[in-house]
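Enquirer: Got a structure for you, written out below as C-alpha cells; questions coming shortly.
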Amino acid sequence: MFSRLLGQTDLCKHAGPHATVGNTFDSAFEILKIAGNRDEYIYRAAISQKLLMGTHSLRTASMLNEFRTGSSKADVVILNGTATVYEIKSERDSLARLASQVENYKRVFAKVNVIACEGHIEGVLEKVPDDVGVMCLSKRHQITTVREAVECSKRICPLTVFDSLRITESIAILQAMGVTVPEVPNTQRHAAMRNLFATLDPVALHIEMVRTLKRTRDLAPLGDFIDRLPNSLQAAALSISVRRSDHSKLIDAIETPLHAAMTWS
C-alpha cells in the first residue's frame, strides 16, 4: 500500500538518491504543514513536539488522545502537575460544537485550551468563556498563546470523571483516596463505585486522577522508540499503540531506502 500510494504522488521525483521511507514521510508532512492544507494531525504533531516534548518530556508528562469526556472526545490531554486539555480547530473544522465541547472539558480537566488556525481565533474568542485558553498555530508552525487558560480544578464533576475512566483506574483512585471499594457482585459494582465518586472532593479527585493516569497511561517506555522516528511520525506513535515487539520492525521499515521500498508488494 505504501509503494502504491507513493506512486500516486510526485514525492519520488523530488527525493534524493539516498532518501529513505522516513525522509519521504517528512517531505509529505512539510506539504501538509502549509496553511490551508492542515488537518488535525498537523496540530496534534505541533502539540506533541512543542508542548509535550518541548516544554515537558515523556519522563515527566504523559499525553492522552481522543479521551472520552461527557458527550465529547478531548483531542489531546497533557498530564504533568495538572491536566490540560487542547481542543483542536483546524482550517477544516467548524466552530459549531465548540461551546458544548468546552463545557464538557471543564467537568474533567483543570485547564482548557483551544488551539486554532489564525482564521478561527476571533470566532473562538467569541464562543468560549474568559477562563478558557486560546492558542494559535501560525503559518510558520509556531504555537503562540493568545490568552492563558485559568486553572480551576474545583469546577470538575466527579461523576463525569468516573464515566471517563477505566474501571481499574477508578478503583485505584478510590483506594488512593482512602475509600473502600465495596464487595458487591460485578453487575452492581459500576453503580456502587459511581455513587462513591459522587461524594469525592473535586480538587482532591483531580490531583489523584492526574497521578493515576500518569501511571496507567505512561509514555516514558516509548522514549527511545520515539527518538528514532522522523518528526512527522512521532505524534502518530504517541497516539497509536504499537506492540513493543514491532518497534524494531517499524524502525527498519522507516530506514529502508526509498528505491527499495518502491519494490514492496
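Enquirer: Given (1) 17.8, 55; (2) 20.9, 66; (3) 22.3, 68 as candidate values of Rg and Dmax of the Cα atoms in Å, which corresponds to the one derived from the coordinates?
Expert: The listed entry that was calculated here is (2).
Enquirer: Using a Förster distance of 45 angstrom, determine the FRET efficiency expected from the C-beta separation of Arg189 and Thr145, and round it to 0.05.
Expert: 0.55
Enquirer: For Asp224 paired with Asp252, estimate the spin-label separation in nm (one decimal), with each label point 7 Å from Cα along the Cα-to-Cβ line.
Expert: About 1.7 nm, to one decimal.
Enquirer: Roughly how many debye, to the nearest 20, is the charge dipole of the chain about its Cα centre, given +1 on each Lys and Arg Cβ, -1 on each Asp and Glu Cβ, and no other charges?
Expert: For this selection, approximately 320 debye.
Enquirer: Starting at the first residue of segment 192-205, write each ³J(HN,Hα) from the Karplus equation 6.51 cos²θ - 1.76 cosθ + 1.60 with θ = phi - 60°, in whole Hz, x for Gly and Pro.
Expert: Once rounded to whole Hz, the list reads 5, 5, 4, 5, 5, 4, 4, 8, 6, 6, x, 5, 5, 5.
Enquirer: Quote the convex hull volume per residue of segment 1-128, based on C-alpha atoms, as a whole number of Å³.
Expert: 144
Enquirer: Additional query: Rounded if a/c is under 1.5, else prolate if a/b beats b/c, else oblate: with a ≥ b ≥ c from the C-alpha gyration tensor eigenvalues square-rooted, which is segment 72-128?
Expert: Working: a/c = 2.04, a/b = 1.67, b/c = 1.22.
Verdict is prolate for segment 72-128.
Enquirer: How large is the dipole of segment 1-82 about the Cα centre if only Lys and Arg carry +1 and Asp and Glu carry -1, each at its Cβ, rounded to the nearest 20 debye? Please report the intermediate quantities before stating the final value.
Expert: Details: 9 positive and 7 negative charges, 28 e Å.
Here the size comes out at about 140 debye.
Enquirer: I would also like to ask the following. Using the basic label-point model (7 angstrom from Cα toward the beta carbon), what is the Thr263 to Ala99 distance in nanometres?
Expert: Going by the 7 Å Cα→Cβ label model, 6.1 nm.
Enquirer: Residues in segment 78-98 near a label at Thr55, defined as backbone nitrogen under 12 Å from the 7 Å Cα→Cβ point?
Expert: 78-86
Enquirer: Show me 200-208, 180-188, 221-229 ranked by packing, highest mean number of other Cβ atoms within 10 Å first.
Expert: 200-208, 221-229, 180-188
Enquirer: Okay, next question. From the phi of every residue in segment 101-114, what ³J(HN,Hα) in whole Hz does the Karplus formula 6.51 cos²θ - 1.76 cosθ + 1.60 yield, where θ is phi - 60° and glycine or proline is x?
Expert: Once θ is set to phi - 60°, the couplings for segment 101-114 become 4, 4, 5, 5, 5, 4, 7, 10, 10, 6, 10, 10, 10, 10 Hz.
Enquirer: Find the relative contact order for the chain and round it to a whole percent, using C-alpha pairs within less than 8 Å whose residues are 6+ positions apart. Display every interim value, and only then the final one.
Expert: Details: 379 pairs, mean separation 62.6, N = 265.
Answer for the chain is 24 percent.
Enquirer: By how many nm would the segment from Asp26 to Asp130 grow when fully extended, if each residue of separation counts as 0.36 nm and the alpha-carbon distance is taken off?
Expert: Taking Asp26 through Asp130 to full extension adds about 33.7 nm, to one decimal.
Enquirer: Amide H neighbours of Ala83 under 5 Å, counting only residues 5+ apart in sequence or on other chains, H built in-plane at 1.01 Å?
Expert: Long-range HN contacts for Ala83: Ala110, Lys111.
A short reminder: the numbers here are calculations on the coordinates, not readings from a lab. Quantities reported herein were computed from a predicted structural model and do not represent experimental measurements. With ideal geometry, Cβ positions are generated from the backbone for all residues, glycine too; neighbour counts draw on all protein chains shown.
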